[in-house]
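Q: Submitted below is the structure of interest, expressed as structure tokens.
The values are calculated or read from the model by the stated rules, or taken from the named source; none is laboratory data. Nothing here was measured: the structure is a model prediction, and the numbers come from that model. All Cβ positions, even for glycine, are placed from backbone atoms using ideal geometry, and neighbour counts span all protein chains on display.
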Amino acid sequence: MMRRRYLSFEDRGVLVGFQGRRLGLVRCRPVRDDRQHYDAMLPNWSGDNFVGFNDLVMPFAGLASWAPIAGYNQVLFDRVLAQADKLHGHMDPIMMREVRLATDLEIGKQRAQRIARFELTITERDAHRSLLEIVAMFGRHVAERVRKGELHQLSGEVLFHLADRSPDELRQLVRIIATAMSRGGRLSGEQLRERLDKIAEFAAPICSLVTDEPDSIVGYLSRQYRLVEKLHDALKGYAENCHAEVREAVQLICANTMSFMLFARARAEYIRAQVLEERRYLDDREHVRLLQAIAEERVRIAFALDGWAMHAEAWEEAGEDPARREAVIARIMRDMPKPPVEVDEELVRVRTENGSMMFRGRTVRELHSWSNDTLDQELYERVMAGRETKKSIA
């Protein structure tokens with residue numbers, strides 16, 4: 001089955017993480033008309049080097065008939081299929097990461113096992129650091145209210161060192177912030193602490209993006225974002241001195257990386273605004289809605305960043321070798337969704353009373369915007385109006 005149009009980030013699917021050239025770019029996505037099963041999708045399968053056309057889509061279970069699957073890939077393949085039964089067909093990048101890390105730990109190569117152990121260890125620390133970053137963010141937020149200008153400079157790093165050096169001073173500082181947040185004691189300090197702990201747990205994967213922590217070290221999705229940023233900057237520099245064909249491909253990649261980063265930032269800013277709404281802590285129902293919003297938005301961010309870290313790492317490994325760098329660029333061109341093309345000129349024949357005539361028409365080929373994961377309604381309506389006009393002329 002071949003198809004060109006994506007409808008959402010979910011429709012693009014999740015990078016599985018198979019090893020090998022043939023399976024390396026395979027993605028997994030839920031089947032829309034049967035949520036119990038998955039599709040496998042190989043992006044731009046019929047394309048070459050810097051040009052991609054159609055995607056190859058098949059039942060995920062059918063991969064075994066399409067390409068040899070053995071060893072590590074067999075275990076990962078079986079576990080992904082098990083997820084379909086266990087979770088009634090739901091799939092997202094956060095869940096796939098958990099499946100992949102478990103597989104790496106069990107049968108991955110030595111380097112993969114080491115990386116998986118490190119990722120799981122640092123993920124456990126993220127929840128604690130996330131709490132400190134969120135408390136610091138609130139400290140900056142209430143600085144004017146409590147008339148403590150020094151809180152404007154408060155950071156998670158400061159609180160982290162304060163926790164070691166002077167726990168009592170940290171508790172006192174948290175009480176000041178908590179009192180300001182609870183608006184005169186409508187929420188006890190213990191209740192607020194429990195709710196902040198829960199927020200920190202939910203926000204941990206995207207913490208640095210939400211709190212705008214500059215080093216982007218808290219939360220694995222924040223670290224992925226930083227890798228995409230580095231890849232974007234490196235490619236922009238590379239484009240200045242490469243030949244025209246490669247430069248055009250790199251510019252297209254950079255347009256995509258920027259679009260995906262802007263999307264991730266926009267979702268993180270939305271969460272930050274929600275987290276700083278104090279009513280989200282004072283009202284039980286509002287607090288539940290906040291947790292749901294964080295869970296939903298971190299999945300959207302995960303979809304936007306999915307797969308880019310792999311390309312960033314491949315670019316680093318390519319070093320200064322032009323051939324290896326161009327191979328990475330070609331791989332990215334195959335994997336990434338093509339940006340939306342608003343119009344494409346074509347010859348249109350229109351019948352009139354005096355016969356027929358040809359003119360160049362402008363036809364929309366893609367209505368979906370990857371920058372915000374929504375259908376461009378204004379563009380859609382304009383196109384539909386144009387089609388009605390053509391019909392009336394004909």
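Q: Checking the condition surrounded by fewer than 18 Cβ atoms within 10 Å (Cβ to Cβ), out of contact with any helix residue (DSSP H, G or I) (no Cβ under 7 Å at 6 or more places or on another chain) and assigned by TED's automatic domain parsing to the domain that holds GLU201, which residue from GLU119, GLU124, GLU169 passes?
A: Criteria check complete, one pass: GLU124.
Q: With VAL80, VAL57, VAL26, VAL75 as the choices, which residue is of a type in the set (Val, Ile, Thr), modelled with pLDDT of 80 or more and either farther than 28 Å from LEU120 by Cβ or outside the structural domain of ARG12 (by TED's automatic domain parsing) (or both)?
A: Just one listed residue meets the conditions, VAL57.
Q: Right, here's the next one. Just give me the residues in the stretch 279-324 being over 27 Å from LEU231 (Cβ atoms) and touching a residue at least 12 places away in the same chain (Cβ under 8 Å), in sequence order.
A: TYR281, LEU282, HIS287, LEU290, LEU291, ALA293, ALA295
Q: Select the helices (runs of 4 or more DSSP H) contained entirely in the stretch 78-182, then report the ones holding at least 2 residues which are of a type in the set (A, V, I, L, M), more than 30 Å from ARG29 (Cβ to Cβ) and out of contact with any strand residue (DSSP E or B) (no Cβ under 9 Å at 6 or more places or on another chain).
A: Values: elements: 93-107, 110-142, 156-165, 167-181.
Fully inside the stretch 78-182 and qualifying: 110-142, 156-165, 167-181.
For (1) within 32 Å of the chain's Cα centre (by Cα); (2) at pLDDT 70 or above; (3) within 19 Å of LEU276 (Cβ to Cβ), each residue gets a yes or a no:
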position: ARG145; (1), (2), (3): no, yes, yes
position: LYS148; (1), (2), (3): no, yes, yes
position: GLN153; (1), (2), (3): yes, yes, yes
position: GLY156; (1), (2), (3): yes, yes, yes
position: ARG165; (1), (2), (3): no, yes, no
position: ASP168; (1), (2), (3): no, yes, no
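Q: Here's a follow-up. Among the residues of the stretch 86-93, is any under 24 Å from ARG223 (Cα atoms), in the same structural domain as MET310 (by TED's automatic domain parsing) and touching a residue at least 60 places away in the same chain (Cβ under 8 Å)?
A: no
Q: While we're here: Restricting to the stretch 69-85, count the residues that are in contact (Cβ under 8 Å) with a residue 24 or more places away in the chain and more than 22 Å from the chain's Cα centre (by Cα).
A: Total meeting the criteria: 9.
Q: Return the residues of the stretch 302-326 that are surrounded by 14 or more Cβ atoms within 10 Å (Cβ to Cβ) and among the small types (Gly, Ala, Ser); say none if nothing qualifies.
A: Across the stretch 302-326, the qualifying residues are ALA302, ALA304, GLY307, ALA309, ALA312, ALA314, ALA318.
Q: Okay, next question. ALA273 - would you say it is closer than 20 Å to LEU221 by Cβ and surrounded by fewer than 21 Cβ atoms within 10 Å (Cβ to Cβ)?
A: Against the criterion (closer than 20 Å to LEU221 by Cβ and surrounded by fewer than 21 Cβ atoms within 10 Å (Cβ to Cβ)), ALA273 qualifies.
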